[in-house]
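Heads up: the structure comes next, in structure tokens.
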Amino acid sequence: MTLPAPEQISARIATLLTYDAASPMIFSSGLFLFLFTGFLLFYAAFRRTPTARVIYVILFSLYFYYKSSGIYFLLLIVAAASDFLIARGIFRSTRRGIRRALVMLSIAVNLGMLGYFKYTNFLVEIANQLFGQGFLQFQNIFLPVGISFFVFQSMSYTIDIYRRQLRPLDSWLDYLFYLSFFPQLVAGPIVRARAFIPQIRRNPIVVTREMFGMGIFLILTGLFKKAIISDFISLNFVDRVFDEPLLYTGFECLMGIYGYALQIYCDFSGYSDMAIGIALLLGFRFPKNFDAPYQSATITEFWRRWHISLSTWLRDYLYISLGGNRKGRARTYFNLLLTMVLGGLWHGAAIRFVLWGALHGIALALHKLWLAIVPGAKCTGGEMRWWNRILGVFITFNLVCFSWLMFRAESMQTVTLILHQIFHHFNAAIIPQVVSGYAAVFALIAIGYLLHFLPGKVDTLVQRAVTCTPIAMQVLLVAAMIWCVMQIKSSDIQPFIYFQF
């Protein structure tokens, strides 16, 4: 009997462990909409039976994650079992040393799992650069979708119990429900146990008219942002510019950066909107994750509005743990820089993500210094006079857009090429030709930014209008949005950008 070659064995293992990329379970896909409709029909039957409801949602959530990451859904179960048991040990122990050792064990297990799947290739590449190609030949073959999100969520649970801010759950099923709840599983928001766990065993589960209407509104806005604006400008303009920057003028490269700033906002906030909306339809409330971040007049305000669940997580579990602002001004600046560098590394295993985080960390430290030495300096735009606010929004927006360049580019060489085109081959004479040639793209970019910069009162009025609309009309609105998505969507399914994190 002839044994298969090592490369054949590796190929077979890779086939077994990867998922079917032809039908990923994403909110804007037809597969999810079909299955979720069926899921809702049966979900209503468990309105007054908490245990059956918990099991039913867990099974759907695990299937949802299996469709995203294949056999790696078992990681979710392992993480849930590990931190559930560790948390109970932390709570029961009266000795500080044992409690500290257990919480460190939880952090080590979670970060070890995250480190292996996310940073193995990065570390192997660094080792090969230092010691010669071929020094290490090992390579991780797959990154489970959203591993960074459920790892951070699980760590917050054990840390909160260690800090005596939370009591551990008695039921492992409840903890698995919290960790695997499908709306926020693969791309957030990062839901804190203190806010979510009390909602699990409510009996009966209640979806008010206001919750249902708000859920429909958020799903509609999320679909519009993700499947219409983000996907269209990405496929038809932004991706082309970043893939081959030398084929485009400086103006096109600059518009590619501004286009990507809108794309990543619409992609990520669109996902968050749909996640929060779907949770509302099931009777659960998630915290707001985005609050018109490009309206920020300072970098500090930006991080209070952008990916709020991550920025508050980094603040509460990393920045404060490092000492926050309690150990002097210099240490405060260092803590801000280190927090953001690690936040950049959380986003991706590459030098460009580290530089992205460092840029934001330096900007936050400089703004903190500005507030300390300039009389009358303000932290947010709402505290400024209108002309100062406009100037602050302009500066902050362009700083953020410059940092997105490093976030999106595949390499630092791409960053250099795009900047070279902008500063040396801008070619303003062809602006009318470019705008007319990409009329649909620039129209959607203009619409996206216009909607983003509308006053919050307008958004509130539209929310109320949709919420107060009869249910039959809300269903028609959803059907109309799905029809619009189908008219412009590409034949290829566009995964959410933050699935890779």
Query - Distance in nm between pseudo-label sites at residue 459 and residue 473 (7 Å out along the Cβ direction from Cα) - result: 2.3 nm
Query - Cross-link table 226/457; 226/378; 225/288; 368/457; 225/368, entries beyond 26 Å C-alpha to C-alpha - result: 226/378; 368/457; 225/368
Report task. Could you please state how large a percent of the accessible area of the chain is carbon and sulfur, counting protein chains only and using a 1.4 Å probe? Result -> 67 percent
Report summary line: P(r) over all Cα-Cα pairs of the range 204-249, 5 Å bins from 0 to the longest distance, whole percent per bin, short to long, reads 5, 19, 14, 13, 11, 10, 8, 7, 6, 4, 3, 1
Report task. Grab the beta carbon distance between residue 430 and residue 484, set R0 = 30 Å, and tell me the FRET efficiency rounded to 0.05. Result -> 0.40
Query raised in the report: Averaged per residue, what accessible surface does the chain expose to a 1.4 Å probe, in Å²?
Result: 47 Å²
**Report entry** Cβ crowding within 10 Å averaged over residues, with 331-339, 150-158, 445-453 ranked highest first
**Finding:** 150-158, 331-339, 445-453
Query raised in the report: P(r) of the range 82-192 in 10 Å steps, Cα pairs, percent per bin?
Result: 14, 36, 27, 16, 7, 0
Requested in this report: Provide, as a two-decimal number, the C-alpha radius of gyration of the chain over 2.2 N^0.38 Å, N being how many residues it has.
Outcome: 1.01
Report task. Provide the solvent-accessible area of residue 109, counting protein heavy atoms only and rolling a 1.4 Å probe, rounded to the nearest 10 Å². Result -> 60 Å²
Query raised in the report: Which helices pass in the chain if a helix is a full DSSP H run, must span at least 24 angstrom along its long axis by Cα, and must have mean Kyte-Doolittle hydropathy not below -0.5?
Result: 50-69, 73-92, 96-131, 250-281, 329-347, 351-373, 386-408, 471-488
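The values are calculated or read from the model by the stated rules, or taken from the named source; none is laboratory data. Given the structure is predicted, the values throughout are model-derived calculations rather than measurements. Don't worry about glycine lacking a Cβ; one is built from the backbone with ideal geometry, like all the others, and counts go over all protein chains shown. Side chains are part of the model used for accessible areas, which takes the heavy atoms of the whole protein and leaves out ligands, DNA and RNA. Shrake-Rupley method; radii C 1.70, N 1.55, O 1.52, S 1.80 Å.
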